[in-house]
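To start, the structure under review is shown below, and the notes come after it.
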Amino acid sequence: AANADVPIFLAHGRDDPMIALQRATDTRDALQALGYAVEWHDYPMPHSVCMEEIEDLNRWLLRVLA
């Protein structure tokens, strides 16, 4: 309950060979079912980081930390 208002940025690569996309979407769905505000993004990348993700995370951080 103490963390109910904590926003969550969750991102995943659609081509991730380490963690299946379904595992990530299950995590997202479980968090949302618990009432957490999850901002979800998936990207056409493997188990890595891409510029689009960095830009999305930057926008999210600027919004939630404003």
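The values are calculated or read from the model by the stated rules, or taken from the named source; none is laboratory data. Bear in mind the structure is a predicted one, so any value in this text is a computation, not a measurement. Virtual Cβ from ideal backbone geometry, glycine too; neighbours counted across all protein chains shown.
Things to note:
- Selection count where residues are assigned to a helix (DSSP H, G or I), surrounded by 15 or more Cβ atoms within 10 Å (Cβ to Cβ) and among the hydrophobic types (A, V, I, L, M, F, W, C), scope the range 26-62: 3
- Qualifying residue in the range 3-26 (condition: on the phi > 0 side of the Ramachandran plot, of a type outside the set (S, T, N, Q) and modelled with pLDDT under 95): no
- Looking only at the range 8-25, residues that are crowded, with 16+ Cβ neighbours inside 10 Å, over 22 Å from residue 62 (Cβ atoms) and touching a strand residue (DSSP E or B) at 6+ places or on another chain (Cβ under 6 Å) come to 2 in all.
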